[in-house]
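A.B. asks: The structure that follows is given in the form of structure tokens.
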Amino acid sequence: METAITVRDLTKHYEDVTAVDHISFEVKKGEIFGFLGPNGAGKTTTIRILTGLIRPDEGEAFVAGFDVLRNPIEAKQRIGVVPEVSNAYIDLSAWENLVLIGRLYGVPTQKLRENAMNLLKEFGLYEVKDKLVRAFSKGMKQRLLLCTALVNDPEVLFLDEPTSGLDVESARLLREKVNQYNRDGKTVFLSTHNMEEANQLCHRIAIINHGRIAAIDPPENLRAQSMELQYIEVAFNKPINPQEFSQNPNIIKAVSAGNKVRIYTANPSAVIEFLVDFAKKKRLQILSLNTMMPSLEDVFLKLIRGKEAAKQ
């Protein structure tokens, strides 16, 4: 399968800090690729290199088939970017923002007008297209940023925390539009702190920490590698001390969670049988019992903590 982004041995230093440390990965054409990591992990630095804003100290990167160092203009013409911090021109109207960005990309006038009009209608901004952006809510500004990122019909869309701080409705709309854009065959590079968002949208996820890639896999594969993080939540009709379960070899850990007991295990079937027998012996009623797969957040924290422990 063809690649939309290729990164080889990419490295960036800031004085005595290595923000990106010899990372390599590929993003396939037509996929939504998640890029996750804690603050300061190197996510935004990587995006700034890939979008031509800063130069790496080592390594190379190709976007839409073009070397971002040797052919920066050709690469930039084929991308759209929604940055971490809004860069819409607040003293211009929504329409003027789109026209300005479209002209910078060299979009022909008639095509630019068509694209701008369609995008504003699609994102619910057409009625306010002539209003100054300074009067827009955060959600409206984010929708406008996505419009400006798409006005040149890019091959690759870079999103840096696109739904951060948005209300539920605006965040859902942006995710729907990203999915729609991807269904049209476009590639999306998504940096986010929102684990559930990454789980919903991404075909594959790279986890970066301290400038290094900790893992790259589809969300379900990342979960499968951490089955010991799955757990059972059980509620009895009487309070139970989780320590009563400590001797069972199939139970990794048992802790109280409100009126329930949360039991971590790699063998849920055996633990469920144990809980049924336990309830019979203790003359208890099981009020609820649920098996929960490890969340992407659980896997993320495990990988990050594991890498940090290995460094110490």
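A.B. asks: Considering only DSSP states other than H, G, I, E and B, which trypsin sites (Lys or Arg not before Pro) in region 23-93 qualify as loop sites with at most 16 other Cβ atoms within 10 Å?
C.D. replies: Counting only loop positions with at most 16 other Cβ atoms within 10 Å, the trypsin sites (Lys or Arg not before Pro) in region 23-93 are 29, 70.
A.B. asks: Roughly how far apart, in whole Å, are the Cα centres of region 234-269 and region 32-48?
C.D. replies: First find each Cα centre; the distance between them is then 36 Å.
A.B. asks: Then there is this: Can you pick out the pairs among 29/129; 76/186; 260/280; 28/121; 43/302 whose Cα atoms lie more than 23 Å from each other?
C.D. replies: Result: 29/129; 28/121 exceed 23 Å.
A.B. asks: Which one, 56, 219, 249, has the greatest fluctuation when you compute a Gaussian network model over the chain with C-alpha springs under 10 angstrom?
C.D. replies: Of 56, 219, 249, the Gaussian network model singles out 249 as fluctuating most.
A.B. asks: Let me know the longest stretch in the chain that avoids all GluC sites (Glu not before Pro) found in a DSSP loop with at most 11 other C-beta atoms within 10 Å.
C.D. replies: 16-312
A.B. asks: Now, a different point. Got the relative contact order for region 3-224 handy, in percent, Cα pairs under 8 Å and 6 or more residues apart?
C.D. replies: 29
A.B. asks: Separate question: Amide H neighbours of residue 157 under 5 Å, counting only residues 5+ apart in sequence or on other chains, H built in-plane at 1.01 Å?
C.D. replies: 80, 187, 188, 189
A.B. asks: I need two numbers for the chain: Rg to one decimal and Dmax as a whole number, Cα atoms only, in Å.
C.D. replies: In Å, with Rg to one decimal and Dmax whole: 23.8, 79.
A.B. asks: Can you tell me what share of the DSSP beta bridges in region 145-269 is antiparallel? A percent to the nearest 5 is fine.
C.D. replies: 75
A.B. asks: In whole Å, what is the distance between the alpha-carbon centres of region 1-21 and region 95-156?
C.D. replies: Cα centroid to Cα centroid, the span is 31 Å.
A.B. asks: While we're here: Roughly what % antiparallel, to the nearest 5, for the DSSP beta bridges in the chain?
C.D. replies: Among the beta bridges of the chain, antiparallel pairing accounts for roughly 70 percent.
A.B. asks: Over the chain, with a Gaussian network built from C-alpha contacts below 10 Å, which listed residue (109, 187, 148) shows the highest mean-square fluctuation?
C.D. replies: Its mean-square fluctuation being the largest, the pick is 109.
A.B. asks: I've got another one for you. Name the residue, out of 82, 107, 17, whose mean-square fluctuation peaks in a Gaussian network model built on the chain with Cα pairs under 10 Å.
C.D. replies: For the chain, modelled as a Gaussian network with Cα springs under 10 Å, the answer is 17.
A.B. asks: May I have the convex hull volume per residue, in Å³, for the Cα set of region 15-116?
C.D. replies: 144
Read the figures in this text as sums done on the coordinates, not as results from a lab. Here the structure is a predicted model, which is why all the values come from computation and not from measurement. Every residue, glycine as well, gets a Cβ built from its backbone with ideal geometry; the counts of neighbours run over all protein chains shown.
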